[in-house]
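Let me begin by presenting the structure, written as structure tokens, before commenting on it.
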């Protein structure tokens, strides 16, 4: 009898669980779920097939029906009623993918959806009333996307300010992709550590776009699988830390339009997988040394400061053996180290105070733009494939174009230029340029290339005498 009673209790418990109703207060959300069919692509079952949610047709959603759903696509058209809450979503505890498109939520709590792998919240009408967000328990989350397409609106997080971290993804060890695009009012984010990716050991891609936020720190250190980092239009970022995230392949950072950065990760030495580095800032930035030493996969480097007040004392590119494209502009930079970078094809260094540039063993170089610097000498003798060079607006005193190629040239506004060494076949064309610049009386063109700035470029000096008596030159012989 006792066994029969126990069995009945268990059966009743199971029946109660299966018959339990998932409460869904928002009628428009409930109607969307009830409208799911095998053809309108709202819901998928655990086998990945499009399905009906309300299988018994009672206009209610039992827990057993919710348990059968692995995918939900909640999209509101412009003409359909607004969905203001998705309360009840936590009842879909086997949900693996959730797409929320153009619904007007004030909060999003998915904390107990431990099977959720993909989350996308996208709104073409703006997320202007959104104030809280929680995925802290979504331990299997792999892809996250939050997109606000209405650029004139802002997300307000006033109700979330006092809670500290705004977006906490710490310990989401399955998170692989993070995409964030929205507008946030300047006064709303107070916490300097707004984004926490601690222990996201499988995170591969991070993308921020169209931000307008208050200053905060971005800590991306110790992310061993991070490959792509993209940051665009961020206002007043305090710092970026990528220490020990050495598998990074692509770095893109652009604040040209909106703001400044006061501290940035500056040591990328031995980031052996780094392929592309793009760093455009606006405002004050001072780095003692920006190092890419031994970045053996680096092919392209582009750094730019829009306000001319960015300071990098030294740019170290030693042993970047496959580097092809180098661009540096408007940085107060003192030294650029380029040993073992013979693969360079384009160099664009403009508006800097550098006084020298070593171009030894640059026999793959095709394009050289080094205008508006403080260079005093330019030796292109190792640049045998050079097609064009622009060295306008420097302090050049000596140029060597002698490299067995007849590249196009521009060296306008170098008032201290005294001597140009050139190949025989190009001396006439170089002289024509000198004449065009009206420098014929101050600049000599020749093929003798050993020259010391401010020195004497004559190869023979002194007095010549004719020994008419064939008794040795003396004071009685006439000058020759």
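Things worth noting here:
- Applying the condition of being over 15 Å from residue 244 (Cβ atoms) and crowded, with 20+ Cβ neighbours inside 10 Å to the stretch 196-209 and asking which residue is modelled with the highest pLDDT yields 206.
- Subset of the stretch 325-336 [without any contact (Cβ under 8 Å) to a residue 24 or more places away in the chain and crowded, with 16+ Cβ neighbours inside 10 Å]: 333, 336
- Test: residue in the stretch 131-145 that is touching a helix residue (DSSP H, G or I) at 6+ places or on another chain (Cβ under 7 Å), part of a loop (DSSP other than H, G, I, E, B), within 24 Å of residue 21 (Cβ to Cβ) and at pLDDT 80 or above: no
- Residue check for residue 164: under 16 Å from the mean Cα position of the chain (by Cα) and either at pLDDT below 80 or over 29 Å from residue 114 (Cα atoms) (or both): no
- Taking the stretch 1-85 as the region of interest, the helices (runs of 4 or more DSSP H) fully inside it that hold 2 or more residues being at pLDDT 95 or above and under 21 Å from residue 113 (Cα atoms) are 27-34, 63-67.
- Among the conditions (1) under 19 Å from residue 138 (Cβ atoms); (2) crowded, with 20+ Cβ neighbours inside 10 Å, residue 88 misses just one, which is (2).
- Note on the stretch 394-432: residues that are at pLDDT 95 or above and either in contact with a helix residue (DSSP H, G or I) (Cβ under 7 Å, 6 or more places away or on another chain) or under 21 Å from residue 374 (Cα atoms) (or both) amount to 22.
- From 113, 100, 95, residue being surrounded by 21 or more Cβ atoms within 10 Å (Cβ to Cβ), without any contact (Cβ under 8 Å) to a residue 40 or more places away in the chain and in contact with a strand residue (DSSP E or B) (Cβ under 6 Å, 6 or more places away or on another chain): 100
- Hits in the stretch 301-324 (condition: surrounded by fewer than 16 Cβ atoms within 10 Å (Cβ to Cβ) and closer than 21 Å to residue 383 by Cβ): 321, 322
- Counting only strands (runs of 3 or more DSSP E) that sit wholly inside the stretch 373-442, those with at least 2 residues that are more than 35 Å from the chain's Cα centre (by Cα) and buried (at least 16 other Cβ atoms within 10 Å of the Cβ) are 398-400, 419-421.
The values are calculated or read from the model by the stated rules, or taken from the named source; none is laboratory data. None of the values given here were measured: they were computed from a predicted structure. Neighbour counts are summed over all protein chains in view; Cβ atoms, including those assigned to glycine, are modelled from backbone coordinates with ideal geometry.
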